[in-house]
Amino acid sequence: MQSFRTELENPIVEQDIIDLENKIKAFRDGTIHDEKFRSLRLARGVYGQRQPGVQMIRIKLPFGKVTFKQLLRIADIADEYGSGNLHLTTRQDIQLHYVSLDKTPELWAKLEQDDITLREACGNTVRNVTASPNSGIDKDEPFDVSPYAHAVFKYFLRNPICQEMGRKIKISFSSSDQDTAFSYIHDLGFIPKINENGDRGFKVMFAGGLGAQPFLANAIQEFLPEDQLIPFTESVLRVFDRYGERNNRNKARLKYLVQKLGLEEVLRLVAEERIANKVKTFNIDRTAVSQPVAPEQKEYGPVEVLNETHYKHWMATNVVAQKQEGFFAVYVKVQVGDIKTDKARAFVDAIRPYVADEIRVTQNQGLLLKFVRQEALPSLYNSLNKIGFTTAGFDSLADITTCPGTDTCNLGISNSMTLAEVLEDVIYNDFPEFIYEKNINIKISGCMNSCGQHGLAEIGFHGSSVKADGKVVPAVQVMLGGGTVGNGVGRVAERVIKVPSKRATGVLHVILNDFQGDSAENETFHQYYDRKGKDHFYQLLKPLADLTNLKDEEFVDWGHVEQFATAIGVGECAGVVIDLVATLLLEADEKFGWAKQNLEKGAFADAIYHTYSTFVSAAKSLLLDKGVNSSTQVGVIREFDNHYVETGEFNLSTNFSDLVLQINKNEPTAAFANAYFSEAEAFLKQVKLKRERN
């Protein structure tokens, strides 16, 4: 590992990797608790797999942007440390599987040589900031949102306010009112707007989310000025950190905080937090994400396309004109989001002469290529066709989104990857005309948690099981009627019926035959579903749910040969931390040290937040001595008053709430930072003394 450190130019990144290496050693030595270590490694993109002893590595690619060199680097890493496969995700990340934990610092160091990070790709953090993949070339966009997504990513990476929240925060930027980044299911979703004065800003969608219980986001502002994007987001994260649930992971999302306190109260707290923000206004560098350089114009000469019919289908479904005159974007369908490393290298070789050096990972697990000249399209098609990357029907009914399901995920109940492949075969073989249908999407998740985004699909499936003849049968929950309406408006799919997994192909046949046979001219699937009603589809599919006539093969899941059995592990998406008294004071010391470091270098806002965290961790350690385990930070503060200050067991010049919550009553000045730090120092000493006496 030592040899790789010297090749890193960023000392902050280097320290991150050294910290991970040291924590792995401490975990192996038994000096750090498993749950605490889990929280730390998740925030470094290291995620436990279904298979014991190996890890999934999630690479954080802000708004899905990756260069040729970076993709090749990731492929090399996947060969050296993983299974030789790249998995594209719905959050525009790339995942590697079957990686040894002990090799992760070395892997990370090698990735960072090409400016690729793992930091905060998992865990209780701000997850990968997503954006419409066509941002910057979209004919309908008011402006390119890429620099804004980049600014949010950069500002909150390693930011102390969002390192150990109750759970994750997901943020998206759509390029236009088409809302292709799904603002309506995000904690914070931003849609670009230009007001009557020509100023840039965003419509703000707030506290949406999928998961087992989907919530549609609230439209809370029609126009947030661009210079308020960062300050507003900071205030939201600070409130979520303080008031968000920490014990029950099923309630530890922003949507549940709104449900608990009410939208008006949460927004009041957000506004109140503004005074403590590091910045009150933030000018976005619009040049931070420049357009890639287009390939030089040249003569391609006559190019023979061997299959003209297929080429026409590909052109119609996978190629779109950019807003830049004379250039086209090409979408590449990647089945189930998997690319073997040899294919990844061949892919870069195939596209290099014809496209700009910028690839975007799309939300439906495909790839977008930019700045293709019209005269280069036949040559690009031929090059892609040789390696199997010209499947027509991108983002159509035939382009199915899926999570890994039981292939690698701890939470998977039934298979989703093979099911997606089988259903795509149904479309291409039995309903080929639907490769042109882009208003119906199929999305599959291996469980109800919606990593495959089944909850926002017109036709969704999630993994489940049913019992028959004393045995467990792999099943799918059929969900219908979800999807994007536009400008922040979306629909959550409704649960219609549960059927054995092997009958999912029959479900698709029944639904599509019914839609083809009984829909009105130009009627969308949403309109058709609303006109027919949920019960129509329930009755239509009910025969497929009959368990009295099961065949032997229906007890075996897709892609398997053995009889099905549910084997659900412990999920790590929330990065839940079990707080132990033995570790809380160590955490308080660590945060106090960070506060001191930031104070010394003049980073007063960060010093203040680390000081605040010192108060909370130290107070929680004493509360656990009394068996009091509050589920929120604000609850810890309140309970410390109840159990220690008001009883006279702990002497303070004021109550604990007033002492700690100075944080959102003061500007982050040097004077306040130093005074607050001194009060935390005295408090920490008193806590340690009390514990020693006990």
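The values are calculated or read from the model by the stated rules, or taken from the named source; none is laboratory data. In this text, all values refer to a predicted model and were calculated from it rather than measured experimentally. Note that each Cβ is placed from the backbone with ideal geometry, even for glycine, and that neighbours are counted across all protein chains shown. Accessible surface is based on the protein model in full, side chains and every heavy atom, while ligands, DNA and RNA are left aside. Shrake-Rupley method; radii C 1.70, N 1.55, O 1.52, S 1.80 Å.
A compact table of results
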| read-out | value |
| --- | --- |
| Base-10 log of normalised Debye intensity for region 1-102 (one unit scatterer per alpha-carbon) at q = 0.11 Å⁻¹ | -0.37 |
| Cα lying deepest toward the dipole's positive end in the chain, options 183, 281, 368, charges on Cβ | 281 |
| Among 311, 146, 636 the positive-end extreme of the charge dipole of the chain (Cβ point charges) | 636 |
| Euclidean distance of C-alpha centroids, region 344-402 and region 418-466, integer Å | 22 |
| Long-range HN-HN contacts of residue 490 with modeled amide H, under 5 Å | 485 |
| Dipole magnitude (debye, nearest 20) for region 130-286, charges at Cβ of Lys, Arg, Asp, Glu | 840 |
| Residues with amide H under 5 Å from that of residue 410, placed H, sequence gap 5 or more | 50 |
| Estimated vicinal HN-Hα couplings, Hz - region 421-431 in sequence order (Karplus 6.51, -1.76, 1.60; Gly, Pro = x) | 4, 5, 5, 5, 4, 4, 5, 5, 8, 10, 9 |
| Within the accessible area of the chain (1.4 Å probe), percent carbon and sulfur | 48 |
| Backbone HN-Hα couplings from phi across region 598-612 [Karplus 6.51/-1.76/1.60, Hz, Gly and Pro as x] | 5, 4, 5, 9, x, 8, 5, 4, 5, 4, 5, 5, 5, 5, 4 |
| ³J(HN,Hα) computed for each position of region 314-329 - Karplus, 6.51 cos²θ - 1.76 cosθ + 1.60, integer Hz, glycine/proline x | 4, 4, 6, 10, 10, 10, 9, 6, 7, 6, 7, 3, x, 10, 10, 9 |
| For region 1-159, size of Cβ-based charge dipole, Lys and Arg +1, Asp and Glu -1, in debye | 440 |
| Ellipticity estimate at 222 nm from DSSP helix runs (n ≥ 4, -39,500 (n - 2.57)) divided over the chain, nearest 500 | -11500 deg cm²/dmol |
| Selection from 46, 445, 627 lying farthest towards where the dipole of the chain points positive, charges on Cβ | 627 |
| Size of charge dipole - the chain - debye, nearest 20, with Cβ of Lys, Arg +1 and Asp, Glu -1, no other charges | 1360 |
| Once the Cα gyration tensor of region 291-448 is diagonalised, semi-axes √(5λ) in Å | 29, 17, 14 |
| For residue 131, distant residues with modelled amide H under 5 Å away | 63, 173 |
| Distance in nm between pseudo-label sites at residue 538 and residue 654 (7 Å out along the Cβ direction from Cα) | 5.7 |
| Extension gain from residue 485 to residue 671, taking 0.36 nm per residue of separation minus the Cα-Cα distance | 61.9 nm |
| Cut-off 15 Å (backbone N to label point 7 Å along Cα→Cβ of residue 287), residues of region 141-155 | 147 |
| Listed pairs 312/534; 170/665; 251/438 exceeding 31 Å between Cα atoms | 312/534; 251/438 |
| Crossing angle, helix 263-273 versus the chain [Cα axis fit, 0-90 degrees, rounded to tens] | 50 |
| Probe 1.4 Å, protein heavy atoms only - accessible area per residue of the chain in square angstrom | 39 |
| Set of aspartates and glutamates with alpha-carbon distance to residue 591 below 16 Å, sequence-local pairs under 8 removed | 16, 19, 164, 241, 579, 600, 606, 679, 681 |
| Two-site FRET efficiency, residue 342 against residue 265, from Cβ-Cβ distance with R₀ of 60 Å, rounded to 0.05 | 0.65 |
| Reachable lysines from residue 340, criterion Cα separation under 24 angstrom, eight or more residues apart if same chain | 60, 65, 69, 103, 110, 370, 386, 443 |
| Spin-label model distance (nm) - residue 513 vs residue 382, 7 Å beyond Cα toward Cβ | 4.4 |
| Amide N of region 23-56 lying under 17 Å from the label point, which is placed 7 angstrom from the Cα of residue 590 along Cα→Cβ | 23-47 |
